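Please read the structure below before turning to the comments.
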């Protein structure tokens, strides 16, 4: 990760020398994350609110700009699926709801174009890629039988996800639009997972995220 950051910093330094203007600021907001998988007929994912915050640099070239960022992300989602364990000597269908929470440091690098560009206001569109480094993951479970009975235990461990199967690095594609009003900046983005956040046998998950942020330019 350190080498990657040094390479990005070197490229940005060279690009910054050619820029016609530079902005530095803080941004933060809310996210909603949903998991996709090749086994979608067996799994369902519900959005949950997460949050993110960090810093950005915007290098302006007339209407074009390049914007690298360093962001801390806390993504949350619910995953639902069925299993068929033996409980009290009986084969019973059990619904599983797993709460998945992932903390990451993300480095997005975006390229954008200002459709409207005035001193008071601009309207932007942008796209780019993000590399995400996981710092922590957590899992929790709820079990319910098809007749509504809650199950506290006696569910086989092989029906659970494994923290060891979460990948430490993932790539995303971002696209979105934003509005700047004076020193305030508003963004709406969609992050499409390009690589798996989880791999175990035939089971793989990608994370897809909507992002809503508010920021302000310090310079």
*What FRET efficiency, computed as 1/(1 + (r/R0)^6) with R0 = 35 Å and r the Cβ-Cβ distance, is obtained for residue 219 and residue 173, rounded to the nearest 0.05?*
0.75
_Once you place label points 7 Å from the Cα toward the Cβ at residue 164 and residue 111, how far apart are they in nm?_
4.2
*residue 61 label point, 7 Å along Cα→Cβ, cut-off 20 Å on backbone N: hits in the stretch 99-118?*
108-118
*Separation between the residue 80 and residue 195 pseudo-spin-labels, each 7 Å from Cα along Cα→Cβ, expressed in nm?*
3.2
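FYI, it's all coordinate maths here, none of it is from the lab. Owing to the predicted nature of the structure, the values given are computational and were not obtained by experimental measurement. In this analysis, Cβ positions are derived from the backbone assuming ideal geometry, glycine residues included, and neighbour counts consider all displayed protein chains.
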